[in-house]
1. Within region B:58-80, does at least one residue satisfy the condition of being touching a residue at least 40 places away in the same chain (Cβ under 8 Å), in the same structural domain as B:ALA261 (by TED's automatic domain parsing), among the basic types (Lys, Arg) and closer than 30 Å to B:LEU142 by Cβ?
2. Restricting to region A:209-230, and then to whatever is under 11 Å from B:ILE112 (Cα atoms) and facing chain B (nearest Cβ under 7 Å), can you tell me which residue is surrounded by the most Cβ atoms within 10 Å (Cβ to Cβ)?
3. Quick one: which of A:GLN603, A:GLN646, A:GLN623 is without any contact (Cβ under 8 Å) to a residue 60 or more places away in the chain, assigned by TED's automatic domain parsing to the domain that holds A:ILE567 and within 30 Å of A:LEU177 (Cβ to Cβ)?
4. Can you say whether A:GLY185 is over 24 Å from A:ALA157 (Cβ atoms) and within 14 Å of chain B (Cβ to nearest Cβ), as far as the supplied structure shows?
5. What are the pairs with Cβ atoms under 6 angstrom where one residue, in region B:182-208, is within 11 Å of another protein chain (Cβ to nearest Cβ) and under 22 Å from B:VAL89 (Cα atoms) and the other, located anywhere, is part of a loop (DSSP other than H, G, I, E, B) and of a type in the set (A, V, I, L, M, F, W, C)? Sequence gap at least six, or different chains.
6. Mind checking whether some residue in region A:290-309 is within 14 Å of chain B (Cβ to nearest Cβ) and within 16 Å of A:GLY148 (Cα to Cα)?
7. Against the condition under 22 Å from A:ILE660 (Cα atoms), assigned to a helix (DSSP H, G or I), aliphatic (A, V, I, L, M) and outside the structural domain of A:ILE567 (by TED's automatic domain parsing), how does A:LEU192 come out, does it pass?
8. State yes or no: is A:VAL437 surrounded by fewer than 20 Cβ atoms within 10 Å (Cβ to Cβ) and of a type in the set (Val, Ile, Thr)?
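The values are calculated or read from the model by the stated rules, or taken from the named source; none is laboratory data. As the structure is a prediction and not an experimental result, all values here were calculated from the model. Heads up, the Cβs are rebuilt from the backbone with ideal geometry, glycines too, and the neighbour counts pull from every protein chain shown.
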Amino acid sequence: MSRLAASRPRDWIRAVLVLATLALLALQDVAGWLVVYPDAWVLPITPWLNAFMVWCVDTVGPGFRAFSATVDVPMTAVRELLNWLPWSVVLAVLTFVAWAAAGWRLALFTGFAVLYMLIIGYWTESMNSLALVAISVPTAVGVGFGLGALAFLSGRAERVIAPGLDLMQTVPAFAYLLPILLLFGFGPVVGLIASVLYAFPPMVRNTRLGLARVSSEVIEAGLMAGATPSQLFWRVRTPSALRQILLGVNQTTMAAFSMVIIASIIGGTADIGWEVLLTMRKAQFGESLLAGIVIALMAMVMDRLTAAAATAEPKDPGGDRGLFARHRNAFIAVGLGLAVGLLAELIPFLKAYPEAWEIYPAQYLNDAVTWLVVEHAGTINLIKSWAFFFVMLPVKTGLAQTITPFTWGFEFTPGLKAGYVALALALVLYMAVRRGVGRASSIAFLAILLFFGLTRLPWPALLAMATLLGWQLGGLRLALGTAAALGFLIVAGVWPQAMLSVYLCGLAVLLSFALGVGLGLLASEYDAVSAALRPINDTLQTMPLFVILIPFVMIFKIGEFTALLAIMAYAVVPAIRYAEHALRNVPAQVVEAATCFGCTRRQLLWRVKLPLAMPVIMLGLNQTIMFGIAMLVIAALVGTNGLGQQVYIGLGDGDFGVGIVAGLGMAFIAMIADRMTQGVSRTWQERLGPTPRQ
Amino acid sequence: MQTRSDESAPAKLACRHLWKVYRGEAAPYFEREVSAGDAGALARRMRADGAIPAVADVTFDVHVGEIFVIMGLSGSGKSTVVRCLSRLVEPSHGEVRLDREDLLGKSDRELIDIRRHKMGMVFQSFGLLPHLNVFDNIAFPLSLQGLPAPERNERVSRVIQLVGLEGREASFPRQLSGGQQQRVGIARSLAAEPELWFLDEPFSALDPLIRRQMQDEFLHIQNTLKKSIVFITHDFLEALRIADRMMIMRDGMVVQVGTPADLILSPADDYVAEFTEDVPMVRVLKASDVLDSSRTVQPEMPQRDADTTVEDLLPVLSTHREGIAMMRDGVSLGVVTAASVISALAHDRHQHRHRQQRRAPEPPRS
C-alpha cells in the first residue's frame, strides 16, 4: 500500500477528475449541456471574423490586389517563357544542370523525368507548376535569408522572428490560403504568395543556425585579417555557413513545391496539382496516378538537385580563373540551350512534341485497378471493416455503440457491460496498489474513453483532463494555454469537429508511432533493414502530401480509413527516423560498458539503449504529431468530418470565418501537442542529465 | 616584477593594468584609481559580487623582435589577454599601447587598418575558411585590402615557400593534415607582413612529434623575420623552448614575468615552482646562467657562445676541467666550470625541496 500512500496531490486530482467524468456521464440525461456544449452558448466568432474580413478587404484589399497584379507580371512572363521554349531546350538544359550539380546518375533521372512529362502529355501543366516554383523559391530563399541574417544580427529582431516561426510551423498549410485568397483574389498569385509564406521559415532557421555556428576562430581570423563588418559577413561568415544555408534552400524548395501543388486547389492555375485534384474528384485514378507521378518526379529531381548542391565539396576551378572559367557551367548551359534551340528551328518535332507520339496509359491503369479491387474485393473489405469496427469506431463512438450483432457478431448485453466494468475496475485497483493513484486514474480514464468514445465524452471532463496534463508536462503556462486554446474551440462551437480531428489524427499518430518506433528499432539493429527503409523514407518525405493519397484512394476508395492510412504513411517517417537515430547514437562508451557487464543483445536494447534514447524518441513523437496534423488537412479531401473538412468548406464557400476558426483550431491543437511532447522529452532528458560527450 | 633582460630594447607593445571583467558592470570598480597592491583584493571582491575577472591587472611589455610567451593552464585568462591586445575582446580597464600609440582609443576604421597592416594572428584550431583553397586562404587578408592581383600573388607565393606548402596551393583545408593546416594559418597571418604576431596555442592541437617539428620551424621563421611575438601556450616545456621572456598567469593575474632561466632558478612562488619541477635543467639553463664570474678567462680555455645550453657544454667540460670561456659578440663574459654548473643545479634542487616541505595544504583555486 506504500505506493498508494506515496501518491502526489496531482495524482489525486486526476482521480477526482475521473470520478467527476463518471458523474457527468451519469447526469447526461438530466443536464445534457454537461456533455454536449449547447449551440445557444456558442459565441458568434465566425460572423465577427467575417465582418472583420469584409472590413479588411474593403480598406486594404485594393492595395493587396494591386500588389497581386504587379506580381502577376513576372510570373506570367516566366510561365510564358517556359511554355514557349522548345521541350528539347528544357530537356537539354535541365539535364546538363543535373549533371553539373550531381553527376550523370541524376542527369539520367532528370532526363527521364522530363521525357515522362512530355510523353504522358502533361507538358504545359508541368511547365506552369515549374514557373510557380521558379518564382516562389528564389523569393522564399531571399526573404528567408534576409530574415535569418536579421535574426542573427539583432537580438531584438530575433525575439520577434523566433516565436513567429514557431507559430507558422504549427499552423497547417491550408490555413494560410484563406486570408491570402480573400486579400489577393483568385488566381496563380495566391498560390505563389502562399508558397512563399509556407516555404521561407526553414530558410530562416537554417540561415540563422548556419551563421551562428561558424567557429569563433574563423570569425576572429577574419577580424584579424582586417575585415570590415560587411566583408566579415559576406566573405567570412556567409561562405563558411554555406552548407547549412544550402540545406535551408533544399528544405525551402521542397516546401515551396509542396505548397504550389496544394495551392492548386484554389484553381485557376492549370497546373499539375490541379490535374491530380480534378481527376481524383472524378474518381479517375489512373489519370490522377499518372499526373501524381509527374509531381513525384519533379519533387525528387528538385530534392536531389538542391541536396547535391548543399553537400558538394568546393572544387578548385584551376587555371587563371577568368570570367569564363568561373562561370563555365553557366556559359555551357546557355550555349547548349541556344544550340538545341537552333536545332529545334530546323527539326520541327524537337520544338513541339507531336501529340500522336503521346502515350497515355490511364485506361490500362484504371482497368488494372478495377481488376485488383474487384478480384480482391473480399480481402479489401475485410481489412477495411475490421479496422473500422474493431479499431476506429470504438475510439470514436465507444464500445457501447460499436458492439452490435451486425459489427462484432454479438450483442453488448448488460452482462457483458458489467463484465467490462468489473475488468476495468480490477485493473484500476491493481494499478492503484502497484503503481499509485495517478496511473490507476489514467487507466480508469482510458477505460471510460473506450466505453463511451472520444466524441461522446463530456467536454468539461476533457478540458479539465487536458489542462491537468498540460500542467504536469509543461507547468502553469502550458496548463493555462491548453485551457485557453480548448476553451476557444468550445465557445467557437467547433468542439465536435475538433474531437473528430483529434480522434482520427490521434489514432493515426498512435499507430504510426508504434509502427515507426518498431521499424526504427529493427533498423537500428539490422543494417539491412535500415538500408531498405531509407529510400522509402526519403521518397515519402519528399513527396507532396497530395500524391500520398492517390494509391490509398485507388484501393480503399474515399473514407475515413483511407484518410487514416494516408496520415499514417506520412507520419510514420519521422517516428522511424528519430527512433533509429536515437538508438544508433547512444554513447558508445555506455554500450561498451554494458557489454562488458555481460548484457545480452536484448538486455542491451531494452535496458540500456532504449532508456537512453527516450528523449530523442519522444521528439520523434512530436514530429509524428506535426506530420499527422499536416496530413490531416489534406486527408480531408477524401472524406473526413473534422476541422480539415471545415477548412475546405471555408475555402469552397469563401467563408473566411468558418475556415479561419477551423484553421486556428487545428493550429491550437498542434501547438498543445507540440508543447506537451516537448515537455515529455525535456523531462526524460533532465532525468538522464546532460548527454555524455563522445 | 620587471626583469633585467632587454630593458634597453624599445617596447613594441605595452600593456598596463589590463582588466577584463565578464558578467556584470565593470566600470564602477574602476572609479577610484587601483593601486597595484589592491588588484588581488579587487578581483576577489568582483568574484564575491558574481562578476568574473578573466584578466586582472596584467602588465607587461613586448620588445621589438622578441618572443614573449604567455603561459597558463586553461581558464588562466591567457587567451583573453591576447584577444584584448588585438581588441577581439574589448578590455574593461587598462591601457594597451602599440608603438607608443593608444590602441584602445582607436576608432573601428583605424583598428581595421592596424589589423590589416600591423597585426597577424594564428589560432589553435587554425580558423581557416572552409570554402577557400590554400592559396585563397592565404591571400584572403590581402584581397580584403584590395591589393592588386600581381603583388598579392607574389606575396602569397613568398609565404607559401616560407612555410613549405609548395604544391598544395589548390588543396582545400579539409584535405590537409593538422600540421599542414596550421602552416596555412601561419602563412596567412604572415601574408600581410605584420610587425606584431600573435599566436594563440598554435601547436596545441597537433601530435607531439609534429608539434616539436613545427616549433623548430617556427623558430627558424622567426630567425629570418624578427617579428615581435606574443605566443600563448599551456605547455611549460614549449614555453621554455621558444621564449625569450615569458609570463605565467593564474586566475587572470600575472604570477611571474622573466626569462626561462629566471623562472627556473628563482620561481616567484610554489605555483611556478611546481611547473619547473620536472624540467630537465641542463636543457634549459644556458651558459650565461651558470657563470662563475670570480674566475678569469685563460687563453687556453675553449670558447663557446653564451647562449649554449648546459647540456651542450657538458661534453666539453668533461675534457676541459679548467673551464670554458663564455663569449658574446666577441667579448668574454666569464668562465663556466664543472663546479659552477653543479652549484647552480644544486641550488635549484635545494629550493625545490625546501618549497615542498612548506607546501602543506594546497592553496584554494579561484
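1. Yes, because at least one residue in region B:58-80 is touching a residue at least 40 places away in the same chain (Cβ under 8 Å), in the same structural domain as B:ALA261 (by TED's automatic domain parsing), among the basic types (Lys, Arg) and closer than 30 Å to B:LEU142 by Cβ.
2. Looking at residues that are under 11 Å from B:ILE112 (Cα atoms) and facing chain B (nearest Cβ under 7 Å), I get A:ALA225.
3. A:GLN623
4. No, not satisfied.
5. Note: pairs meeting the criteria are B:GLY185/B:PHE126; B:ASP200/B:PHE123.
6. no
7. yes
8. no
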